[in-house]
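Read the structure below first, then the notes.
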Amino acid sequence: MGEIIKPPTTTAVLSGSEQGFATTRLDALLGWARKYSLFMYPFVTACCGMEFFSMTSPRYDVARFGAEAPRFSPRQADLLWVVGTISQRQAPVLKRIYEQMLDPKWVLAFGTCASCGGFYDNYTTLAGIDKIIPCDIYIPGCPPRPEAVFDGLLLLQDKIARGDRTPGIVKPRQDPAQGLVELRTKTKVPA
Amino acid sequence: MSQKVVDILKEKFGSVVLETKSEHKDETVVVEASAWLDVAQFLRDDPRCDMEMMVDLCGVDFPDREPRFEVVMHLHSIRMKHRLRLKARVGDRDGDEAKIKSVVPVWSGANWFERETYDLMGIEFEGHPDLRRILLYPEFEGHPLRKDYPADKIQPLVPFREGYEKLPPFDEFEGMSFGRQVFRSGKFD
């Protein structure tokens, strides 16, 4: 679910002539083309936006992954970044923007609030954007580090290439609970 | 710091001043709700008080008290460098009849504060030029900061999707409900 799966190879270079030629399946070719031309629509509502700026700025540079071009009209975009808390009042706006996007389209929930509401467990907040629109990738974190965001982006690209529409979650690179256990055992005084 | 202002108020309004309290050199005056606007007007216009700045206005819900709500206003005088907290108590136990005069004629900055207090606490400000919800949407029913508003009640504008399964780290009880206290039948669970 959260891992990048290596697909069986569908493209082969054959030595038929001097130059050689490649065979492939059409959907694999389309998937390959789509995964490197993601036009993003940033729906930035809250503090996760700061991490989003960091991700798009030169230090982390999302352009390396072919997803750098923001389109501020949903009609030109095919990847919806939902960055930050979505309140009940904003939910109709988000749903409308999703409906305005052209197929094929993908949705990425950036941060804990967009994924499940986070600690806003009250009357104002929508507990996860998948309550109203389908979501492809969840990136937990409050806010997530840019590395986690790129993990999510690569996971999405991998899913696009395979034509897989099941949702995925970015797993932490290190299990925080595991580290906690080690820390406890290390500090334990031997009897 | 503003004990003088409290004395002036007591002298001018007499029995309208129900209570006074001083804590950490901050004076609090509780007045009759019916005299709310008069006291506010006096505090702004009297040269000895000169409260030209309304800092904050909000409501507090005490579900086991009668009157149930407190309207709290913080005033400050930039020239005289003193401040005062003014309170009035309104509303019966069911939360009805929570009405008080608007202070927008005195400080126009009170407009959005009163709208917010109306929106979240349900206190009506009589004479307010445009009393409608400011933070929540018009379709919202009830006033969420009242203690008898159910803590887990949501009023979505968009119908939720059906027939999808949430992935393992998430469950149907999303969010973190630590510290949540549910107020039922007059007391907290």
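Structural remarks
- Taken along the Cα-to-beta-carbon direction at a fixed 7 Å, the label points for B:Asp38 and A:Arg173 span 7.1 nm.
- Label point 7 Å beyond Cα of B:Lys25 along Cβ direction - residues of the stretch B:48-79 with amide nitrogen under 18 Å: B:75-79
- A:Tyr36, B:Tyr149 arranged by Cβ crowding within 10 Å, fewest neighbours leading: A:Tyr36, B:Tyr149
- Residues B:His76 and B:Asp148, FRET efficiency given R0 of 30 Å [Cβ-Cβ distance, rounded to 0.05]: 0.35
- Residue order, fewest to most surrounding Cβ atoms within 10 angstrom, among A:Ser115, B:Ser22: B:Ser22, A:Ser115
- Local charge for B:Asp50 was computed over the other residues whose Cβ lies under 14 Å away, with Lys and Arg +1 and Asp and Glu -1, and equals +3.
- Separation of the B:Tyr137 and B:Glu97 label points, Cα + 7 Å toward Cβ, nm: 3.5
- In nm, spacing of pseudo-spin labels at A:Arg89 and A:Leu26 (7 Å Cα→C-beta vector): 4.9
- Our analysis of chain B gives Rg over Rh at 1.08, with the two radii drawn from alpha carbon positions and Rh computed by the Kirkwood formula.
- Annotation for the stretch B:1-60 versus the stretch A:71-87: alpha-carbon center distance of 50 Å.
- Order of A:Trp106, B:Trp112, B:Trp107 under a 10 Å beta carbon neighbour criterion, fewest first: B:Trp112, B:Trp107, A:Trp106
None of the figures in this text is laboratory data; all of them are computed from the coordinates on show. If you're wondering where the values come from, they're calculated on a predicted model, not measured in any experiment. All Cβ positions, even for glycine, are placed from backbone atoms using ideal geometry, and neighbour counts span all protein chains on display.
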